[in-house]
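Working notes, structure below.
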Amino acid sequence: MTMPDLDHALDALEGRVASLREARAAYPADLGPTLDAALAELDTAAELLAEAREQLSKAPRRPAGKKDGSQRELKLLRQVFRAFPVPVIVLDGGGMVRRINPETSRMLGSPDGYLVGRSFPLLVDVSRRAAFRSHLTSVLQIGQPAAFETRLSHQGRTHTVQLAISRLTMPGEPQQMVAVVALPTQVQLPEPGSRRPELSDGALLMAAARRQDLLARMGSLLLDEEALRQPVALPRATRLLAAEWADWVIADMVRDGLPRRSIVAGPKNLPVAELVRQVEATAPAGAQVVTQVLERRSGVVHEMVDDETLLGFCAEGPLLTVMGAGSLLCVPIGDGDGALTLVRAHDRPPFTLADLSVMQDVGMQLGLAARAQSSFQSRSRAADALSASVAPRSLPDVPGYEAAAVYRPGSSVGAEFYDVFPVGGGWGFALGGAAGKGEEAASVSAMVRGGLRVLSVWESDPDPVVRKVNEALVEQGTGLFVMAVAGFVKGRRIRMSSAGHHPAALVQPDGYVRFTAGGGVPLGIAPEAETSTEEITLAVGETLVLYSEGLISSRNELGEPYGEERLADVLGRCAGQGPSTVVKAIEEDRSAFSGGQVWDEIVVLALRGV
């Protein structure tokens, strides 16, 4: 057979295969005749390959030093393989993919060469994998071709196919191989040359937007007040991920040095209650992927699950096998606080490196939320003494200024503080609070308040004081963070350093109210403090007002927050009034707004130039 004859035969075969596809689509309920004809075409294809191989074996070889005839033969064989009009996969004896032709890539929806080096049985339906491996072994040992029907799942596509397996003996290969021909019987193939939709620019943009939306929703969920006060953050997060991102979501938290299975969320549309209980009962310490992630403190993604024992075993065998896992992703929760594992089935698109990146952010958020929630646990011992330690009994006289403050305790012992104290060449003030309630939060606030007062003796600027207090707080390892602002008053100049605190309000004699910069990062989060500094001049008749989170977050019966806009309205009406009148007006307005209810401490400190 000449090369033109072979090209003609391949073209004819491709045309007949196209006709078979049309027949399958036109008569989906009557696949028997189509399958018989398709198997006949496979025999024809095998004959063509045999004739081509025989002809190539008879071709004369060129002398050494010139272009070798074997290279031409190899080139011809590659051309035939690529032009073959049906999906063909070459496997080694272990079932690993060695070669795939373009028709296979088109059917499975994967880039050319993506599956090379991966285990082909993982694409086979779970219930048929054992049968496929048995057929593969039989074909290699006996040499008799085998065929059977199964499903292939990859890249979110599912195909019912007829697999034909034949043994290959390839020159230069140390082991025998097999050729697998996959004839689809229940799948609509895309047109040749069409671009995969998951690779389109629009699809990529939508996927990126979806990941950003997840981070935003997760952040909102974890920063909710209830999530900070009650152990609901982790269950809420796993429900969100199970609803949109995975078939299975497993959270393992480290307690007493060992990972403990905390939450398992399975598919909602499948009767998997018994399997969920098996997953819950499996010890995560025996899961290789969980151990790896906890040890390395970094996530891993398996676009195709090559090792089905990664998540351990249950009574029915490897967990991933029973779960029908096709793709797996595992990331640390916080800094070694636990591990978050997501699993997708074979018929869903696999996890990617982009998914791994966004899930690592989610895991870090979960870790921060878990630690914050733990720090928010309320304790009441020594509550009265701690409450007294966060506020002075009276304010000192500051030359050139009038000062007044109001402190209203919350429903439980809290952590807001304020202070006014002497510094070299002037006076200092501080206001802030730890994120939390109870004994621990109040003791942290007292420590910060005392640190700001003591360190101010040796500094001429409040910013170094705030930074040193941050270092001390981090070293203490309390797990709490503190929003604070400190200022030094020297003459008419006031220099302030803010660590995540609300901006102070500046009330001018004409009633105009503006706010300072505020900002920065709360104390206790990172060893290197990130503060915001600002210097203002407080003229005669102007009033500087500092206030706590409890004032701004007070809510009315509709759930609306008091907010800074309402505060500015009240302050505008207090223009020209003394500090005691200002703080009283603010408290009365807030009380009327919230119906007299006080949940968190209310602190207001006013300083007026005279």
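The values are calculated or read from the model by the stated rules, or taken from the named source; none is laboratory data. What you are looking at is a predicted structure, and each value in this text was computed from that prediction instead of being measured. Here the Cβ is made from the backbone with ideal geometry for all residues, glycine too, and neighbour counts use every protein chain on show. Keep in mind that these areas ignore ligands, DNA and RNA; they rest on the heavy atoms of the full protein, side chains included. Shrake-Rupley method; radii C 1.70, N 1.55, O 1.52, S 1.80 Å.
Okay, here's what the table says:
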quantity: Search result, residues across segment 478-517 that are surrounded by 24 or more Cβ atoms within 10 Å (Cβ to Cβ) and among the β-branched types (Val, Ile, Thr); calculated: 482, 485, 489, 494, 507
quantity: Residue identified as under 42 Å from the mean Cα position of the chain (by Cα), open to solvent by less than 40 Å² (accessible area, probe 1.4 Å) and hydrophobic (A, V, I, L, M, F, W, C) among 536, 602, 525; calculated: 602
quantity: Flag for residue 390 being modelled with pLDDT of 85 or more and open to solvent by less than 50 Å² (accessible area, probe 1.4 Å); calculated: no
quantity: Filter result (among the polar types (S, T, N, Q) and not in a strand (DSSP E or B)) within segment 337-350; calculated: none
quantity: Selection count, segment 314-328, where residues are open to solvent by less than 30 Å² (accessible area, probe 1.4 Å), farther than 21 Å from residue 118 by Cβ and either among the β-branched types (Val, Ile, Thr) or touching a Phe, Trp or Tyr at 6+ places or on another chain (Cβ under 9 Å) (or both); calculated: 0
quantity: Matching entry among 475, 459, 471 (being touching a residue at least 40 places away in the same chain (Cβ under 8 Å), acidic (Asp, Glu) and either surrounded by fewer than 24 Cβ atoms within 10 Å (Cβ to Cβ) or more than 18 Å from residue 521 (Cβ to Cβ) (or both)); calculated: 471
quantity: Some residue of segment 499-516 being in contact with an Asp or Glu (Cβ under 6 Å, 6 or more places away or on another chain) and part of a helix (DSSP H, G or I); calculated: no
quantity: Residue within segment 346-357 that is at pLDDT below 90 and under 21 Å from residue 278 (Cβ atoms) present; calculated: yes
quantity: One residue from 433, 426 being touching a residue at least 24 places away in the same chain (Cβ under 8 Å), closer than 17 Å to residue 403 by Cβ and open to solvent by less than 40 Å² (accessible area, probe 1.4 Å); calculated: 426
quantity: Close pairs from segment 275-291: first of a type in the set (S, T, N, Q), partner part of a helix (DSSP H, G or I), Cβ under 9 Å, at least 6 apart; calculated: 278/319; 278/322; 282/319; 291/284; 291/285
quantity: Any hit, segment 572-586, residues being buried (at least 22 other Cβ atoms within 10 Å of the Cβ), more than 18 Å from residue 409 (Cβ to Cβ) and hydroxyl-bearing (Ser, Thr, Tyr); calculated: no
quantity: Some residue of segment 543-552 being modelled with pLDDT of 95 or more and polar (S, T, N, Q); calculated: yes
quantity: Of residues in segment 114-142 being among the charged types (D, E, K, R) and in a helix (DSSP H, G or I), the one most open to solvent (accessible area, probe 1.4 Å); calculated: 133
quantity: Residues satisfying the stated conditions in segment 556-580, i.e. free of Cβ contacts under 8 Å to residues at least 40 places away in the same chain and of a type outside the set (Asp, Glu); calculated: 556, 558, 559, 561, 562, 563, 566, 570, 577
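Yes/no per residue for (1) open to solvent by less than 50 Å² (accessible area, probe 1.4 Å); (2) in contact with a Lys or Arg (Cβ under 9 Å, 6 or more places away or on another chain):
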site: 234; (1), (2): yes, no
site: 239; (1), (2): no, no
site: 243; (1), (2): no, yes
site: 246; (1), (2): yes, yes
site: 251; (1), (2): yes, yes
site: 258; (1), (2): no, no
site: 273; (1), (2): no, no
site: 284; (1), (2): yes, yes
site: 294; (1), (2): yes, no
